[in-house]
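A short write-up of the structure that comes next.
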Amino acid sequence: MHETPADLAAMQDVLDRTYAAAGGHLLEIHTDEARLSAAEVADRLSGMLVMVVATVSADGRPFTGPVDAFLYRGRICFGTSPEALRARHLERRPAVSVSYVEGEAVTVTVHGTARRMDLAGADAGFGEVARAKYGDTWDEWMHDAPYYAVEPDRMLAADMSVHTTTST
């Protein structure tokens with residue numbers, strides 16, 4: 001876990017604000033018992049995970065695709081190829097949604113704005129996270145690949161297994 005107490009507090013604030021503004025349908029599904037706290041999200045989203053990123057085309061069409069993603073300092077972070085459609089979308093229209101799902105149980109969704117990471121400056125600490133997964137080869141190609149951190153506007157996180165009942 002790479003989150004500071006301030007990172008967790010900021011994540012919890014986004015979660016709380018999101019659920020406070022949620023509609024009845026969502027609240028029936030993401031009950032108080034099912035919702036994950038920021039600390040629980042940080043525990044669940046450890047290491048590299050495959051997440052689905054949604055970007056928006058110039059004519060408003062959504063495009064989704066899987067990426068290697070990490071939770072780092074309370075933000076979902078991911079990279080892509082500089083030639084990828086995803087990179088072009090995010091450079092022109094940084095609105096983004098990212099979802100992580102574990103079967104029918106855990107779901108985490110973040111809606112926000114993709115910020116290009118400064119891997120040589122303010123976001124340099126992310127290198128230790130990436131090297132833990134990719135080894136030293138990450139240093140060879142990280143300068144060419146754009147990496148993004150999602151600045152969250154809304155965040156939903158739940159463990160739906162609390163709703164599972166067992167029959168006897």
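The values are calculated or read from the model by the stated rules, or taken from the named source; none is laboratory data. Please read all numbers here as calculations on a predicted model, not as lab measurements. With ideal geometry, Cβ positions are generated from the backbone for all residues, glycine too; neighbour counts draw on all protein chains shown. The protein model used for the area step is the full one, side chains on, heavy atoms only, and it has no ligands, DNA or RNA in it. Shrake-Rupley method; radii C 1.70, N 1.55, O 1.52, S 1.80 Å.
Of the residues making up segment 140-154, one or more are small (Gly, Ala, Ser), surrounded by 18 or more Cβ atoms within 10 Å (Cβ to Cβ) and under 20 Å from ALA39 (Cβ atoms). Against the list (1) open to solvent by less than 70 Å² (accessible area, probe 1.4 Å); (2) within 17 Å of TYR147 (Cβ to Cβ); (3) modelled with pLDDT under 95, the condition ALA105 fails is (2). Taking the criterion of being part of a helix (DSSP H, G or I) and more than 26 Å from ASP13 (Cβ to Cβ), the residues of segment 129-162 that qualify are ALA130, ARG131, ALA132, LYS133, TYR134, THR137, TRP138, ASP139, GLU140, TRP141.
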